[in-house]
Amino acid sequence: MFLAWLVEHATEPDTEAARRVHALVPLTGHSARTAAWQIAEQLQIAARTPGELLSMLARDRRRTVIVLPDLHESAEPAEIEELACSLAAFAHVRLIVEIRHPSATVLARDPAVMDLTAPQWTDSDRYAAWAAAELSTEQETTAAPDRPARVNLDDPASVCGADPVTITTAYENATEPHGGLRAAWLRSGASVTRPQDPSARAAVLWSALGDDADPRMENELSTLAREAEWRVRWRRVRGDISPPWPGPVRSLSAGWGELAGTVAVLDHQGVVRLVTDGDGHPAGRLQRPVPGAVAVAVTSEGTVVVLDHHGRLTLQKSPTASRPSGIASLLQAGPSPWESLAAEAARHVRGPALACASTSLAAGSTEGAVHVLTAHGEGTEDVSRTLHDEAVTALTVVEPAEGGLLVYSGGQDGRVRLWDPDREPLGTPVAERDCQVTALAGAPLDGGVALAIGWADGLVEYTVTGADHRVRHFRPGLPVRGLSVLPGGDMLIGTEESLVRLEAC
């Protein structure tokens with residue numbers, strides 16, 4: 001047995017943090033895909049393939065230590081060796097791999113190798129005592145070991161109740177669609193391999209079914225998911241044509257006022273499409289794409305505000321929004337209140353976060369500041385506070401029924417802060433994890449506020465304040481790019497491959 005330390009060239013100081021193990025994945029039974037899922041989950045990122053894992057680690061230059069025991073017991077030793085060598089190529093990654101027979105590919109990396117059979121690492125007396133105890137235990141065991149039941153890959157109940165690593169390997173090697181379950185399972189990534197009861201796993205699969213799936217699968221999964229925290233109202237996934245999938249989601253904003261009943265969906269090319277929130281059908285699109293767009297927000301008058309990565313704000317009217325005509329259009333020939341707000345906000349916006357209320361616009365900066373601009377007659381009031389240690393990455397604003405404005409901000413520092421611009425911010429975060437906030441959404445609901453938080457590892461947390469304070473969780477399996485809370489409390493989740501409406505059970 002050999003223990004191969006594949007990387008020695010990291011140059012960061014040998015501090016306690018540097019010696020920490022960030023991911024430990026025993027590889028017995030794992031494929032390269034499931035190994036990548038487990039590594040990503042422990043590193044608190046969302047990645048569904050080895051390629052996505054490598055891409056994310058290439059962008060995150062923090063010191064990372066990964067331990068992979070039992071490579072020789074994996075389902076795909078050669079493929080995992082290839083993944084390990086790719087991980088070892090990063091200067092900021094240290095990788096420790098347990099392997100029985102190091103291959104030429106591994107040895108070509110010139111690793112530090114520890115031979116665990118060498119005398120200095122062995123104790124023959126202790127080994128003999130352990131072996132005798134193991135033999136005694138085996139002789140005392142009279143019952144034959146249980147054999148795992150054969151899994152029917154066409155049966156949702158069988159799939160949701162079986163060992164998830166075994167199911168993943170079986171679907172990877174399958175050529176049949178199995179009624180749409182295979183595509184839904186692989187699309188869901190590590191979300192379906194997490195320890196959970198079958199009903200929660202069924203809800204995740206239900207949210208990832210394509211429109212080409214066997215209709216019976218939806219019925220069976222909805223029945224299996226009856227004990228889950230969420231029920232799927234509708235979903236659109238990559239490849240759907242009836243109704244069509246609206247494309248990869250970069251940001252979401254629920255429509256209100258003139259656009260009530262719709263959701264603005266910003267895609268990777270800066271195109272904003274409107275879909276109905278009731279069933280996800282197309283409801284139009286803005287005429288001009290915004291290259292490099294990172295966030296979208298809808299105003300009450302039917303204006304859609306789009307923020308690009310340079311901090312520029314673009315305002316466009318929805319094709320379905322009303323427009324003044326005749327004398328009214330002449331009287332309103334000057335800049336609209338939102339155009340004035342956008343012009344003022346351009347001086348402050350230096351990040352990917354944007355949100356709009358009835359007369360206010362909130363924007364974040366890369367220095368951790370949140371700016372709230374409010375239109376007052378012909379003037380604009382600007383209030384700012386530094387709420388985060390790092391960049392502001394997500395914003396949402398809520399106007400409670402009793403009046404006022406609540407601003408929720410999420411940051412790269414892993415904190416969600418609450419601020420009423422008329423008061424000092426709360427001293428403690430409303431939520432905090434060792435993980436970046438990627439999306440926020442909120443709405444007034446039943447005398448409280450429904451708040452949805454998306455995290456970089458793919459977790460979505462949903463809480464209603466003023467009620468039972470229960471926190472519900474959902475993991476779509478992909479990085480969460482956009483969230484929206486609808487007036488009745490339902491939640492929309494947008495990812496690179498799906499748009500899903502969930503109803504809390």
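The values are calculated or read from the model by the stated rules, or taken from the named source; none is laboratory data. Since this is a predicted model, take the numbers as computed values, not measurements. Positions of Cβ are generated from backbone atoms using ideal geometry, with glycine treated the same way; all protein chains shown enter the neighbour counts.
Here are the numbers:
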{"item": "Options 438, 428; residue that is assigned by TED's automatic domain parsing to the domain that holds residue 306, at pLDDT 90 or above, within 22 Å of the chain's Cα centre (by Cα) and of a type in the set (Val, Ile, Thr)", "result": "438"}
{"item": "Criterion: surrounded by 22 or more Cβ atoms within 10 Å (Cβ to Cβ), over 14 Å from the mean Cα position of the chain (by Cα) and of a type in the set (D, E, K, R) - qualifying residue of 470, 423, 417, 475", "result": "417"}
{"item": "Unique match (being among the acidic types (Asp, Glu) and assigned to a helix (DSSP H, G or I)) among 52, 98", "result": "52"}
{"item": "Qualifying residues in the range 265-278 (those that are in a strand (DSSP E or B) and either without any contact (Cβ under 8 Å) to a residue 40 or more places away in the chain or not assigned by TED's automatic domain parsing to the domain that holds residue 488 (or both)) - the one surrounded by the fewest Cβ atoms within 10 Å (Cβ to Cβ)", "result": "276"}
{"item": "Top-ranked residue in the range 294-309 [being under 15 Å from residue 343 (Cβ atoms) and over 24 Å from the mean Cα position of the chain (by Cα); ranked as surrounded by the fewest Cβ atoms within 10 Å (Cβ to Cβ)]", "result": "303"}
{"item": "Meets criteria (surrounded by fewer than 16 Cβ atoms within 10 Å (Cβ to Cβ), assigned to a loop (DSSP other than H, G, I, E, B), in the same structural domain as residue 492 (by TED's automatic domain parsing) and on the phi > 0 side of the Ramachandran plot) for residue 403", "result": "yes"}
{"item": "Some residue of the range 386-396 being among the acidic types (Asp, Glu), within 19 Å of residue 350 (Cα to Cα), in contact with a strand residue (DSSP E or B) (Cβ under 8 Å, 6 or more places away or on another chain) and part of a strand (DSSP E or B)", "result": "no"}
{"item": "Count of residues meeting criterion [in a loop (DSSP other than H, G, I, E, B) and either crowded, with 23+ Cβ neighbours inside 10 Å or in contact (Cβ under 8 Å) with a residue 40 or more places away in the chain (or both)] in the range 279-293", "result": "2"}
{"item": "Sole residue being without any contact (Cβ under 8 Å) to a residue 24 or more places away in the chain, touching a Ser or Thr at 6+ places or on another chain (Cβ under 8 Å) and of a type in the set (A, V, I, L, M, F, W, C), chosen from 471, 480, 430, 449", "result": "471"}
{"item": "Qualifying residue in the range 228-250 (condition: in contact (Cβ under 8 Å) with a residue 60 or more places away in the chain, surrounded by 22 or more Cβ atoms within 10 Å (Cβ to Cβ) and farther than 27 Å from residue 486 by Cα)", "result": "no"}
{"item": "Single condition residue 283 does not satisfy, out of (1) assigned by TED's automatic domain parsing to the domain that holds residue 471; (2) under 30 Å from residue 160 (Cα atoms)", "result": "(2)"}
